[in-house]
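Report on the following structure.
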Amino acid sequence: MIQSVPQMKRHERKCIPVEDYSFSVFPNENFLDLRLYQYGWEQCAPLHSFGPFVRNHYLFHYVISGQGIMDWTDRDGVKREYRLEADQGFLICPGQVSTYAADKNRPWKYAWLEFDGLRVGEYVESAGLGLTQPVYTPQTTAQGQSLRDTMLYITEHSDASSLHLIGHLFLFLDKLIQTSSTRRSLRGVRLKDFYIQEAITYMEQNYQRDLSVEELAGVCKLNRSHFSKLFKDSMGCPPQEFLIRLRLSKAADMMKGTSQSIGSIAVRCGYPNQLHFSRAFKKRYGVSPREWRNQNQIQIKR
């Protein structure tokens with residue numbers, strides 16, 4: 001049976017010696033462009049498996065030693081399997097059904113980071129990774145190990161400030177892009193980047209009210225169809241979807257950091273109909289707003 005796991009409860013496994021395992025939950029989610037949820041490393045037992053699960057955020061594993069298998073099922077129901085070994089990695093995307101298991105004879109040890117944010121799709125696409133290309137292979141072994149070290153730095157500094165950890169998460173993504181053998185060639189700043197930033201800034205300032213694509217295009221002095229194409233090419237999603245993500249991210253921050261009612265938060269984030277808000281939130285996060293708030297409050301008390 002496939003399950004949705006808003007927060008993976010790896011720390012509840014009692015049989016793993018502490019010296020073979022490290023797990024931490026990020027205490028602060030007040031970041032929009034990039035968020036860190038949980039992170040750690042594990043020396044897996046032979047044939048140890050995890051899944052099948054549906055992830056609500058991006059989850060990246062780097063194989064430190066040993067080997068194993070990762071498989072996932074695409075939207076057409078076709079199962080795809082990948083065998084990975086040391087100095088490779090694999091990315092699991094939100095909404096993707098996946099399972100991964102350690103080899104019987106050479107079980108893997110890996111580090112992982114779970115993260116998300118408004119621009120994460122753009123970042124991982126720049127590394128040439130996604131649903132159709134989940135396997136990370138570095139251009140050189142040394143570059144891959146540099147990425148590994150950045151991940152391990154995060155796992156070993158769980159007591160550092162939120163800004164410190166987010167800073168190193170940005171460094172991780174930069175290294176992921178720069179070292180990936182499937183990275184996309186990146187050009188310098190273009191005029192369209194200016195237009196997209198103008199639109200994003202406008203959305204951040206006006207997400208509480210009804211915004212049309214025509215209005216956003218007008219801010220950029222572009223026609224609707226041209227603006228929509230530029231935005232999707234740059235951000236990996238249409239402007240309407242980006243606006244939904246922005247509103248839901250703002251709502252999640254309010255539910256975590258205030259005692260306002262969910263109905264009031266929904267209105268403040270551009271959803272006068274609470275039912276519509278609940279449906280959109282559950283589609284994005286995998287759980288209802290009330291469940292998300294309860295789970296988040298539990299994490300704060302740990």
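Overview of values
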| item | result |
| --- | --- |
| Segment 65-83 - residue that is within 16 Å of residue 46 (Cβ to Cβ) and assigned to a strand (DSSP E or B) and, of those, most open to solvent (accessible area, probe 1.4 Å) | 83 |
| Of the criteria (1) modelled with pLDDT under 90; (2) outside any helix (DSSP H, G or I); (3) touching a helix residue (DSSP H, G or I) at 6+ places or on another chain (Cβ under 7 Å), which one residue 198 fails | (2) |
| Given (1) buried (at least 17 other Cβ atoms within 10 Å of the Cβ); (2) within 30 Å of residue 241 (Cα to Cα); (3) not hydroxyl-bearing (Ser, Thr, Tyr), number of the condition residue 108 does not satisfy | (2) |
| Residue within segment 179-186 that is part of a helix (DSSP H, G or I) and either open to solvent by less than 30 Å² (accessible area, probe 1.4 Å) or of a type in the set (D, E, K, R) (or both) present | yes |
| Residues of segment 256-271 satisfying the condition of being open to solvent by 70 Å² or more (accessible area, probe 1.4 Å) and at pLDDT 90 or above | 267, 268 |
| Selection count, segment 111-169, where residues are open to solvent by 40 Å² or more (accessible area, probe 1.4 Å), touching a residue at least 40 places away in the same chain (Cβ under 8 Å) and not charged (D, E, K, R) | 8 |
| Those residues of segment 261-271 which are within 20 Å of residue 204 (Cβ to Cβ) and either basic (Lys, Arg) or assigned to a loop (DSSP other than H, G, I, E, B) (or both), in sequence order | 268, 269, 270, 271 |
| Leading residue by the ranking (modelled with the highest pLDDT) among those in segment 130-153 that are closer than 21 Å to residue 69 by Cα and of a type in the set (Gly, Ala, Ser) | 144 |
| Segment 218-239, residues that are touching a residue at least 12 places away in the same chain (Cβ under 8 Å), of a type in the set (Gly, Ala, Ser) and part of a helix (DSSP H, G or I) | 228, 234 |
| Residue 253 among the acidic types (Asp, Glu), under 23 Å from residue 291 (Cβ atoms) and either modelled with pLDDT under 90 or open to solvent by less than 40 Å² (accessible area, probe 1.4 Å) (or both) | yes |
| Among residues of segment 112-154, those that are in a strand (DSSP E or B) and touching a His at 6+ places or on another chain (Cβ under 7 Å), counted | 4 |
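The values are calculated or read from the model by the stated rules, or taken from the named source; none is laboratory data. This is a predicted model, so every value here is computed, not measured. Glycine gets a Cβ as well: all are built from the backbone with ideal geometry, and neighbour counts include every protein chain shown. Surface areas here come from the heavy atoms of the whole protein model, side chains and all, with no ligands, DNA or RNA. Shrake-Rupley method; radii C 1.70, N 1.55, O 1.52, S 1.80 Å.
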